[in-house]
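Only one structure is covered here, and it is reproduced in the block below.
The values are calculated or read from the model by the stated rules, or taken from the named source; none is laboratory data. Quick caveat: nothing in here was measured; it's all calculated off a predicted structure. Because the Cβ atoms are built from the backbone with ideal geometry, glycine has one as well, and the counts that use them run over all protein chains shown. Protein only, heavy atoms only, side chains kept; ligands, DNA and RNA dropped before computing areas. Shrake-Rupley method; radii C 1.70, N 1.55, O 1.52, S 1.80 Å.
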Amino acid sequence: MRDIATAPFWKDFDAVSLAAKVDVVGGVYDTPFTPDAQLMAFPTVGFQDAKQIASAAVSRATYYLASGKPADAERVLRTIISFGFTFIDQGVTAVDALVGRMVVDIGRDGLHQLYLQTGRGDLAVRLEPVVRPKSSVRARQTPFDVVSARAAALPLIGDPAVPRSLRMETLEMLSYGGSCGSVGAMLTGPSDELRRAVASARASMARYPSEQAFFDLVERTMENGPRVERDADIVGRVASGTASMLSAITGNPRIATCTRLASKIRTTE
């Protein structure tokens, strides 16, 4: 446990966890993105790796507590929570937010146990895990309304109360809908409202060159449609080939890309 607690790795861990701002995009991806890059192919943070790091940090805190240093143990556990919020507040995908929540829970549970072990029950009560009852009621299935979904998602982009990771994920989803969400979007492109929302989000959220590159990719996807590999089945190939000809004739790349996306969705259902 001493070897775990004193490993050089924790210097970098603490630096990331306690930083006011973290360039997640620049740290994970090579930017600027190449012309064939696509948001749908972005790799995601591994749950298992993040969980192992957080669990090792709990062992680090346990070592300090066993060594008679409860203040150091508390500091480490608080740092785990900060590490989780780094994913939530600085990430770019919903998976980042989920991983962050898992890490926060590990740190919170550890801090809860520390307060119990050190006789600080008043603080432990504040960190008791929230019990969420399981619901046996199934949600009523209703037809998916793209227009309503887009209208509900647009305000999230500019809402500072929403974690950055979820705002960025919403941007990605809207970029698909802006190009392929409807026949109108496919033919005429994203609406002026969506373009203004993305421009406003860029002005308020893009802090680093890497994040500017991320917004460039969002806008490219929104204007051209997501890049999708050609289909293997004959129906998909015929549809994609026809759409590619129409795209070439009209100069509208969305006809081809949206057709391939629709074909992919059809073959995976």
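A compact table of results
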quantity: Complete set of residues in segment 190-204 that are open to solvent by 50 Å² or more (accessible area, probe 1.4 Å), over 19 Å from the mean Cα position of the chain (by Cα) and in contact (Cβ under 8 Å) with a residue 40 or more places away in the chain; calculated: Ser200
quantity: Only listed residue being among the small types (Gly, Ala, Ser), out of contact with any Leu (no Cβ under 8 Å at 6 or more places or on another chain) and open to solvent by 70 Å² or more (accessible area, probe 1.4 Å), chosen from Ala41, Ala20, Ala15; calculated: Ala20
quantity: Some residue of segment 87-102 being over 21 Å from Phe214 (Cα atoms) and either aliphatic (A, V, I, L, M) or in contact with a helix residue (DSSP H, G or I) (Cβ under 6 Å, 6 or more places away or on another chain) (or both); calculated: yes
quantity: Any hit, segment 55-74, residues being at pLDDT 90 or above, among the polar types (S, T, N, Q) and not in a helix (DSSP H, G or I); calculated: yes
quantity: Matching entry among Asp14, Asp30 (being of a type in the set (D, E, K, R) and not in a loop (DSSP other than H, G, I, E, B)); calculated: Asp14
quantity: Candidates Ala61, Ala37 - the one that is out of contact with any strand residue (DSSP E or B) (no Cβ under 7 Å at 6 or more places or on another chain) and over 30 Å from Leu116 (Cβ atoms); calculated: Ala37
quantity: Single unsatisfied condition, Ser165 versus (1) surrounded by 18 or more Cβ atoms within 10 Å (Cβ to Cβ); (2) at pLDDT below 75; (3) of a type in the set (Gly, Ala, Ser); calculated: (2)
quantity: Subset of segment 80-94 that is β-branched (Val, Ile, Thr) and at pLDDT 90 or above - its residue that is surrounded by the fewest Cβ atoms within 10 Å (Cβ to Cβ); calculated: Ile88
quantity: Complete set of residues in segment 17-63 that are closer than 20 Å to Ala7 by Cβ and of a type in the set (S, T, N, Q); calculated: Ser17, Gln48, Gln52, Ser55, Ser59, Thr62
quantity: Matching residues in segment 84-125 - criterion: being free of Cβ contacts under 8 Å to residues at least 60 places away in the same chain and outside any helix (DSSP H, G or I); calculated: Thr118, Gly119, Arg120
